[in-house]
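Working notes, beginning with the structure itself.
Rule-based calculations on the coordinates, nothing more; no lab input. Computed from a prediction, not measured in an experiment: that's the story for all the values here. Positions of Cβ are backbone-derived with ideal geometry, glycine not excepted, and every protein chain shown enters the neighbour counts.
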């Protein structure tokens, strides 16, 4: 079987890291509203991959995440006078109904960002210690994009070209306009967790895959996470 490798820009023979074992991660839905046709496409594509890989003899561990802590979720929950996580749970239930109606193969593991806050904090701390992130006086933490020399490699773009079309957050405490938030201090009425930088919430799409998958993060489509193949459509 040959699969298009975004990194090389070519179709390559699919060679699992460990013989017949395939660990497949799908970047899931940010549940700030009901699912739409794009979510359906994603679910169907990954379902087809998982089903076919199993059909030809692979042992597949299929993981999909839900981003249940996000700016849009918080804003929507506040407008409805609801707790953000309660609102996320409601949207996940509706999404699961839609996926069931599509008859797609369900993921073996479905994670939620809110279930891994301690790990997220540890991961961000590690990035700070290694100089890849920095915290500001107001309790935010930003990723130093230019520190990661391979940033933009997956999209085959020069780092200086990334300002075009990228959403820029206005914050005078940012070292560089390209830097993006990993952790944001909580405003009044927002859901929050204790952290070394004060009460706040994660701003990175976090995924955890046990037994071999490392913590991963992404910002738009420009980051890459070092595995041989990525099935991500984001």
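Laid out as a table, the results:
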| item | result |
| --- | --- |
| Cα centroid of segment 1-72 to Cα centroid of segment 88-148, whole Å | 17 |
| Length added when fully stretched, residue 106-residue 138, from 0.36 nm per residue minus Cα-Cα | 7.4 nm |
| Efficiency of FRET between residue 148 and residue 48 - r from beta-carbon atoms, R0 30 angstrom, step 0.05 | 0.35 |
| Inter-site label distance for residue 155 and residue 1 at 7 Å from Cα along Cβ, in nm | 2.9 |
| Calculated FRET value between residue 177 and residue 36, using beta carbons and R₀ = 30 Å, to 0.05 | 0.45 |
| Virtual spin-label span in nm between residue 14 and residue 126, 7 Å along Cα→Cβ | 2.8 |
| Segment residue 55-residue 81, extension gain: residue separation times 0.36 nm, minus the distance between their alpha carbons | 4.7 nm |
